[in-house]
1. So ILE10 clears everything in (1) in a loop (DSSP other than H, G, I, E, B); (2) open to solvent by 60 Å² or more (accessible area, probe 1.4 Å); (3) modelled with pLDDT under 85 except one condition, right? Which one?
2. Answer with yes or no whether LEU54 is open to solvent by 60 Å² or more (accessible area, probe 1.4 Å) and either modelled with pLDDT of 90 or more or not hydroxyl-bearing (Ser, Thr, Tyr) (or both).
3. Looking at region 13-51, which of the residues that are in a loop (DSSP other than H, G, I, E, B), within 17 Å of ARG73 (Cβ to Cβ) and more than 13 Å from the chain's Cα centre (by Cα) is modelled with the highest pLDDT?
Amino acid sequence: MIKVSSKGQIVLPAKLRKKACIKKGDILIVNPVGDKVVIEPLNKSKKEDWQQILEETAGIWPHVDSKYVEELRLAAQKRLEETL
């Protein structure tokens, strides 16, 4: 869990940054997906990276509404098409 500061800032925990390969100076993309927010490194734009992300995250939220999962997949597909 993370807390939003009075200035709207958040701190990503080191474990999460390491797992997502986020380093100092990286640019992150923030996308609204339904009532959720998806944050992703800008350097994750190659088709292989997107496919890996989708494979790694498939099924990690079994309690999440399938509509939300589909919105995430469509957003990822759209971003992939925009970057290729």
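1. If we test ILE10 against (1) in a loop (DSSP other than H, G, I, E, B); (2) open to solvent by 60 Å² or more (accessible area, probe 1.4 Å); (3) modelled with pLDDT under 85, just (3) comes out false.
2. Spelling it out, LEU54 is indeed open to solvent by 60 Å² or more (accessible area, probe 1.4 Å) and either modelled with pLDDT of 90 or more or not hydroxyl-bearing (Ser, Thr, Tyr) (or both).
3. Per the criteria, the residue is ASP35.
The values are calculated or read from the model by the stated rules, or taken from the named source; none is laboratory data. Fair warning: this is a prediction, and the values are worked out from it, not measured in the lab. All Cβ positions, glycine included, derive from the backbone under ideal geometry; neighbour counts span all protein chains shown. Accessible surface areas use protein heavy atoms only, side chains included; no ligands, DNA or RNA. Shrake-Rupley method; radii C 1.70, N 1.55, O 1.52, S 1.80 Å.
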